[in-house]
Structures are given as C-alpha cells and as structure tokens.
1. For A:K262, list the lysines whose Cα falls under 21 Å from its own Cα; do not include residues on the same chain fewer than 8 positions away.
2. Tell me what chain A gives for mean residue ellipticity at 222 nm when only DSSP H runs of n ≥ 4 count, each as -39,500 (n - 2.57), the sum divided by the residue total, rounded to 500 deg cm²/dmol.
3. Classify the stretch A:76-185 from the C-alpha gyration tensor, please: rounded if a/c falls under 1.5, else prolate or oblate depending on whether a/b exceeds b/c.
4. How much accessible area per residue does the stretch B:175-242 have, in Å², with a 1.4 Å probe?
5. Among B:S32, A:F268, B:T249, whose Cα projects farthest towards the positive end of the dipole of the protein assembly as shown, with charges put on the beta-carbon of Lys, Arg (+1) and Asp, Glu (-1)?
6. Return the loop-located trypsin sites (Lys or Arg not before Pro) in the stretch A:36-84 (DSSP other than H, G, I, E, B) with at most 15 other Cβ atoms within 10 Å of their own Cβ; answer none if there are none.
7. So how much accessible surface do A and B hide from each other in total, probe 1.4 Å, in square angstrom to the nearest 100?
8. Given contacts defined as C-alpha pairs under 8 Å and at least six residues apart, what's the relative contact order of the stretch B:138-200, whole-number percent?
Amino acid sequence: MNAEPPRPLLSMRGVVKRFGGVQALRGVDFDLRRGEIHALLGENGAGKSTLMNILSGVIEPDGGEMRIEGVATRFSDPRAAQAAGVATIFQELDLVPGLDVTANLFLGREPTRAGVLDRGAMRRAARERLAAVGADIDVDQPVGELSVGRRQMVAVAKALTYASRILVMDEPTAALTAAEVDRLFGVMREIAARGVGIVYISHRLEEVPRVADRVTVLRDGLVAGVAPASAPQSELVRLLVGRPLAELYPKRGAQAGETVLKLERARFAPRRGRAGWQAPDDVSLEVRAGEIVGLAGIMGAGRTELLTALYGAAGPGRWSGVVQIEGRPARLASIRAARGDGVGLVTDDRRGSGLLLRDSVGRNLVLTVLERVSPFFLMSRAKESTLARQAIQAFDVRPPQPEAIVGALSGGNQQKVVLAKEVLGEPRLLLLDEPTRGVDVGAKGEIYARIRTLAERGLGVLIASSEMPELLGLCDRVVVLRKGRTVAEFAGGADEHAVLAAAEQSEDTSP
Amino acid sequence: MNDAAPMRAAPAAPPATARRFDAFAIAVRFQSVIGLILVTLGGIVFSPRRHGHILFLAPDNMANIVRAVSETGIIAVGMTFVIITAGIDLSVGALLSLCSVLTATIMTSGGYGLAPTILFVLACGTAFGGAQGLISNRFRLEPFIVTLAGLQVARGLALVISGNQYINISYGQGPGLAPPVFAILGDRLFDNTVPVATLVFVVVAAIATFTLNFTRFGRYVFAVGGNERAARLSGVPVSLVKVSVYAITGLVSGIAGVVHAGQFNFGSANDGTGYELTAIASVVIGGTSLFGGSGSMIGTVAGAVMLGALANILQLNNVNAALQLLATGAIIVLAAVLQSLVRRREGLGR
C-alpha cells in the first residue's frame with residue numbers, strides 16, 4: 001500500500017437510503033484510497049448494491065454526503081458519475097450481445113469524423129484497450145458469441161475507457177474459471193497501480209485476501225466492520241452474519257442405497273445443434289440413493305447441458321447408450337416424462353427460469369404439485385396452504401409467510417423456495433445446477449444442510465457447480481466433465497488442484 | 001466503525017423480506033374499482049338534471065350503460081386470460097362480427113333449432129381462436145401477428161358469408177324465421193330493468209372469475225405469464241395453456257357475436273370494429289399487466305363498466321366523440337403509469 005494520502009479518493013459519510021418501507025442504508029461510511037482495491041462484502045440485502053448504485057449515479061441518496069478528492073459530489077445519473085471518472089461494471093454486464101466488441105467498447109461515445117463513425121480509429125483503440133487488460137479478443141466478433149469470461153474482460157476494458165478515478169466491480173468473478181479469475185486479478189492490480197481506486201464486491205470470501213487491500217463489511221444497511229484483507233476468514237464471516245458460523249458443510253452421509261441414475265457411455269444428440277451448447281457426448285456416472293454426486297468442469301464443459309438433457313428440457317433430441325433411472329431404461333424425452341420418472345431439476349437461474357417473481361411464495365411452492373392440490377381441477381386452498389407451510393418450515397424460508405412476494409425475498413431465501421418447490425414434487429433423483437449461486441454465506445450453509453438431509457432421506461442428488469470448494473466439501477463423489485465427456489472421478493474432500501487439473505486439461509492429451 | 005453497534009440497537013426498520021402492500025399499492029390494485037366509483041360520482045355531479053332528477057342515475061340510463069358494455073365486457077373477460085399469459089388477441093372484434101353473421105345466417109336458413117345453432121357458432125368461435133393459438137405456438141409467432149392476420153381472415157369470412165349485406169333476423173315459426181325466444185337477448189328482465197345481454201356478461205364474468213382464481217387452469221395461466229420457462233420446468237403444460245387461452249377468447253367472441261345478433265336482430269360483417277381495443281383497454285385499466293403474470297378479473301369487469309359509464313356521462317353532456325376518445329386515452333395512460341409506479345416500489349423493475 002502507498003502511504004495514506006491527506007484526502008481519501010472517495011469518502012462517503014452517513015449515507016441513508018430508503019425504499020418504500022425498507023431502510024436499505026442506515027448511515028453508512030465508506031472510504032476508498034488512491035490505488036486501493038477495497039472489497040465490499042455483505043449478505044444479500046445488506047446494502048452493498050444500494051451503496052454502489054449511489055456511487056455510480058443509478059440512484060440518489062436520501063441523506064449523507066459523498067466527497068471525491070475532498071469535493072462534495074452528488075450524481076443525478078450514471079453519465080454524471082462517468083464524467084467524474086467513476087465507472088461501474090454491473091453483474092449483468094451492460095453489453096449489447098448483437099453488437100461487436102468494438103461497437104460495445106465505444107457505445108454512446110463513438111468517435112466520429114465529420115459526423116460519420118470512424119470505424120478505423122475505433123478498431124485501433126479497441127485493440128489497444130483490450131491489450132491493456134491483457135485480453136486477446138477479436139474486436140469484430142459479436143459480444144454474444146464470446147464466453148462469459150471474455151465478456152467480463154470486454155466489460156472491464158469498456159469501463160476503463162472512462163474510469164479515470166474509481167472503478168466499481170460487482171461480483172466480477174461469479175462466472176469465471178480459475179484461470180480467468182487469475183487473469184482478472186492481475187489486471188485489477190495493474191489498474192490499481194495506476195492510482196485508480198477499485199471497489200470490489202464479491203460473495204467469495206476466499207478471494208478477498210488474494211486481491212484486496214481492505215475490506216468493508218455491510219450488514220443490515222450498516223457498516224459491520226472495516227478490516228485489513230489479511231484478516232482471518234472466520235473473522236470476516238463473523239462480521240458478515242453477525243455470529244460465528246458453524247461448520248459450513250454438513251457431515252457426509254450414511255450408506256448409499258440403490259442406484260437411482262446410471263449413465264454408461266451415454267450421449268445426447270439434439271435434433272438441432274446450437275452454437276455454444278455442449279451436448280453430453282460420452283458420459284458414464286452413477287448416482288445412488290442417499291448420495292450427493294458433484295459435477296465439476298470448466299465453463300462450457302457441458303454441466304448445465306447434461307442436467308438439462310437428463311431433465312428432458314434440452315429440446316428435441318435423443319439419448320443413446322445406457323440411461324437408466326432406478327434400474328429401468330429411461331428415454332427422458334420431455335420434461336413431463338422425466339418428472340414422471342422421478343427426476344427433478346433446480347436451475348442455475350432462479351430469477352430467469354426458477355420463480356414467478358411477482359407471485360407469492362405459496363403459489364410458487366405448489367407449482368410442481370398443482371395436480372395434487374387441485375382434485376377435479378379445483379384448487380384446494382387448504383391443501384395448498386398446508387403444503388406451502390410445511391415446505392416453508394422445512395426449508396426455513398424467511399419471512400415464513402406464504403403470502404410474501406418471492407421477488408422481494410433475499411437471494412438465499414429465493415433459492416430455498418426454488419429448492420423446496422422441486423422437493424415438493426417428490427423426485428427420487430434431484431439435479432441441482434449451481435445451487436448456491438449469488439447466495440450469501442449464511443444461507444449457503446443452510447442450503448447445504450438441507451441438501452444433505454434430502455440425501456439422507458433417500459434421494460439421489462447430482463450437483464453441478466463452478467465452485468470447487470463447494471463440490472469437494474459437500475459431495476460424496478465428484479465427477480469431472482470436459483467437453484461433454486466424463487474424464488475423471490474423485491472422492492469428496494479430494495485435492496482441489498487435482499480436480500482442477502483434470503477439468504482444465506487441454507484436449508490434445510485426451511484420447 | 002465503532003458507531004455501528006449503538007446504531008444497530010436503534011428501532012429496527014422492517015426487514016427487506018417482509019415487504020407488504022402499502023395503501024398506495026392496494027389502491028392501485030383496485031384502481032379500476034376506485035376509478036369506477038370516481039366516474040360514478042363524477043357522473044352524479046356532472047349529470048344534466050330534468051325536473052330535479054339526475055339523468056345519469058335514471059334506471060333507463062343505468063340499464064343503457066351496462067347493456068352497452070356487455071359485448072366488449074364479455075370479450076374483455078376472455079382477453080384477461082390471454083393478457084395474463086403475456087399474449088394479446090386482436091381478432092376478437094372481427095370474430096364477433098363473423099359469429100353474428102353465422103348466427104343470423106343459420107337462424108334464417110331455418111330448421112336447425114336454437115340450441116344447436118348457438119352451440120355451433122360458439123364451437124366455430126372457439127375453433128377459430130384455438131387455431132390462432134396453435135399457429136402462434138407451433139411456429140413460435142408473436143400472437144400480435146397471428147391474431148392481426150386472424151382479424152383480417154375473420155372479417156373476410158364474414159364479408160363472404162354475408163355478401164356484405166345485413167342479414168336480418170325475423171322471428172316466428174316456419175322456414176327462414178328464427179325462434180322468437182332468441183329475441184330475448186334484446187330485452188330487459190326483472191320489471192324491465194336488467195338487460196339480458198348484461199346478464200350474459202355477468203354469468204360469463206362469474207365463470208371466468210371462478211376459473212381464474214379457483215381452478216388449476218387459472219394457476220397455470222398465471223404461471224405461464226409470470227415466467228414461462230419456470231412454468232415449463234415445473235411441469236406446467238405450457239403449450240396447452242397458451243392454445244387454450246386463445247380458444248377462450250374465441251369462445252367469448254362467439255358468445256358476444258350471438259348476443260350481438262340477438263340484441264340487434266341482424267348479423268353484419270362491419271360490426272365490432274375496434275372492440276379489440278376497447279377490450280384491451282378494459283383489461284389494462286383493470287390492473288392486468290401487459291407483461292403477464294398478474295391480473296384481476298374483477299378489475300377487468302370494473303374497467304369495462306367504467307369506460308362505459310365515462311362514455312355515457314360525456315354523451316349526456318353532449319361532449320363530442322373526439323373528446324371522448326381523448327378522455328379514454330388519458331385514462332389508459334394513467335392506469336398504466338400507476339401500475340408502473342407500483343412495480344418500481346416493489347423493486348421489481350420496469
């Protein structure tokens with residue numbers, strides 16, 4: 001760290017913001033120094049996004065003050081913030097998929113010559129900017145065709161076109177592979193070395209000491225504490241959840257029972273190929289009742305595709321090879337067929353494909369069991385409410401009211417609702433895709449415990465996750481997928497680096 | 001940050017998860033009912049008076065209002081299902097016209113009996129709507145386009161069948177005459193107070209309210225509109241639901257067509273123009289979101305009656321038709337703005 005300059009780059013004091021009846025920020029102080037990478041941690045709903053939205057001009061505070069280099073500042077809109085040298089990379093990268101990389105980098109700031117777009121200058125500058133962040137990306141390629149990791153790099157390059165003083169990054173690593181995270185951190189350090197202050201929002205505690213200098217932890221709209229990034233993880237967790245956290249992962253379970261899912265040289269041939277859709281190509285694995293099996297692999301290895309195809313949700317296509325559910329051959333030709341065979345799926349995108357966000361918790365929960373709660377097609381409010389209350393209790397959804405609107409719940413509670421909804425359908429094989437994505441630490445532990453309980457009750461669980469510690473900590477076995485093929489299998493608790501090596505091994509070495 | 005602890009002890013704001021509808025949200029939720037009450041009060045205040053009587057409240061005038069809205073109201077009720085699934089049906093007015101022509105043609109060609117004729121017409125309407133749903137679903141076309149085409153097709157069929165003539169219905173026994181009981185659709189019951197067309201509207205609305213709120217199908221409709229992908233992944237038969245809602249608008253258009261023929265004693269290929277827009281307006285004013293996933297049948301009914309009452313007041317005061325259109329437009333925008341405000345307060349975007 002540099003010596004503390006006389007005035008901090010950014011200083012926010014007593015920031016207050018209220019949304020309707022909800023006090024999102026209750027007097028928050030936040031400091032950022034020049035050249036500092038400052039991690040901002042907090043569970044969902046703690047106020048991180050609200051604070052950063054105020055900094056980036058998306059919303060205006062109700063009270064408090066903000067000074068940049070000592071000058072009191074208030075941004076009425078994001079353009080004003082950008083003009084002041086504050087750039088934000090939002091979690092939903094604000095890139096236009098249909099436009100190419102160059103056009104995205106200069107969107108809204110296109111250089112012109114005599115009123116005409118200066119393509120040549122744009123492309124030259126685009127190459128320079130990408131080179132500056134160490135990304136080797138074709139500037140003429142549409143952004144929609146890039147991997148998430150590469151899109152992230154484009155977003156960083158774009159933000160740097162106007163981030164002269166402050167760069168805010170909202171969960172930049174959520175969708176990146178280990179190698180991509182390393183590269184991104186390198187780039188962040190270079191940017192900081194130039195004197196830019198970086199606010200780095202993340203859910204991944206283990207990343208904090210790797211990249212940040214200082215940590216501010218928010219809880220319930222207040223600052224729970226400020227610590228050096230080298231503070232022990234347990235201390236950060238205590239600040240985050242307000243209490244010491246018990247063991248994150250539950251103890252591994254009892255005896256595995258009958259085989260629920262058996263795949264042997266299984267292959268799924270979609271009738272129509274889709275770009276970027278890695279069909280299961282040669283998959284051999286087994287999931288037994290009472291067992292939690294992990295599915296590891298880098299982005300694009302075909303984890304989500306395998307789960308989707310097993311759930312009959314991959315569109316028209318056909319399975320070949322051995323595909324057995326509970327010892328019987330299964331065709332899994334449609335979602336309803338797969339559900340009939342006892343398969344359930346929790347998607348990786350709870351807001352996009354998991355929940356009716358504007359509907360109540362209760363109505364979401366019974367979605368998979370509408371047949372059961374509507375004899376003769378008439379909804380039985382009594383049955384519905386009983387089931388919903390049981391599920392809410394079993395998964396400790398908060399608030400525990402079936403009438404609460406799902407979209408207003410925290411990410412962790414939304415995830416519990418998606419999980420509970422699927423469990424109500426009484427599957428015997430439960431497929432979970434990124435079951436804790438965007439969920440805070442406290443809720444993660446609860447979700448892991450629920451998943452283990454389900455396995456102990458005899459479900460077979462297959463989990464795809466990009467978070468290696470999660471797979472190794474929770475699962476009984478971890479199967480590694482690469483380019484749609486199973487290439488290795490490890491016992492739970494195996495060495496993270498060995499699994500990563502198997503997942504990232506280059507294609508040439510495989511037969 | 002050692003000031004954190006005492007501040008935490010300060011009286012706790014309601015946690016983010018316990019968001020409840022506040023009074024404003026509740027008001028917007030029943031905006032069309034409140035709107036109807038306001039319009040009614042306005043009607044009383046601004047109504048011309050004769051011999052001290054408020055013309056707006058005269059039984060005849062009231063009956064006129066609810067009779068005038070019955071056809072578009074019946075259609076709006078069906079449209080509510082479609083719009084909750086985030087769809088739209090532009091063919092309803094033309095289909096009403098086609099069904100009125102069919103009714104009149106079959107009645108006057110004689111010998112088929114009242115019930116079979118009506119059932120046949122309703123089946124035609126249902127099939128027409130269902131076909132649009134199938135096409136839109138099978139070929140993944142926007143319902144806007146498919147039903148826009150459907151509007152032209154229905155209007156064209158009506159013109160061909162009617163030869164662009166009014167098909168007049170005469171009553172009596174014998175060939176070419178309709179059963180006299182059919183004319184009841186133009187009458188009023190209960191001491192000449194309640195129009196029969198309005199009764200049909202009430203019955204249709206009651207059945208629809210029940211279906212939307214108390215059956216599995218109703219829940220499917222909300223789910224498909226709320227998040228189609230989530231509904232599909234939860235095992236909801238999404239395609240079936242999407243076809244069914246268009247069959248429903250077809251059915252209600254058929255019912256409205258029969259009512260139209262019965263009220264006016266003719267079938268015409270040129271009637272029902274613009275009904276689709278009035279119906280959509282009623283639904284939107286009623287608080288149903290064009291983005292799908294939320295809506296209320298009672299809201300739609302109140303919205304339809306409110307539009308009728310508003311038109312009535314303006315007519316009673318001899319306000320010209322152009323200003324009536326302006327007023328309707330303003331109300332639609334107001335309703336949409338209110339809903340958008342609520343969405344923003346809920347923090348659910350858009």
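1. Answer for A:K262, where 21 Å is the Cα cut-off: A:K483, listed by chain and number.
2. Numbers: 17 runs with 158 residues, N = 511.
For chain A, the value works out to -9000 deg cm²/dmol.
3. Details: a/c = 1.79, a/b = 1.20, b/c = 1.49.
Oblate is the answer for the stretch A:76-185, as a/c is 1.5 or above yet b/c matches or exceeds a/b.
4. Numbers: 2890 Å² over 68 residues.
Roughly 42 Å² per residue, with all protein chains present.
5. B:S32
6. Values: sites: A:K48, A:R67, A:R74, A:R79; in loops: A:R74.
Of the trypsin sites (Lys or Arg not before Pro), the ones in loops of the stretch A:36-84 whose Cβ has at most 15 other Cβ atoms within 10 Å are A:R74.
7. On the way: alone 22740 and 17810 Å², together 36690 Å².
About 3900 Å² of accessible surface is lost on pairing.
8. Numbers: 30 pairs, mean separation 8.2, N = 63.
Averaging sequence separation for qualifying contacts and normalising by length gives 13 percent for the stretch B:138-200.
The values are calculated or read from the model by the stated rules, or taken from the named source; none is laboratory data. Keep in mind it's a predicted model, so treat the numbers as computed, not measured. Don't worry about glycine lacking a Cβ; one is built from the backbone with ideal geometry, like all the others, and counts go over all protein chains shown. Protein only, heavy atoms only, side chains kept; ligands, DNA and RNA dropped before computing areas. Shrake-Rupley method; radii C 1.70, N 1.55, O 1.52, S 1.80 Å.
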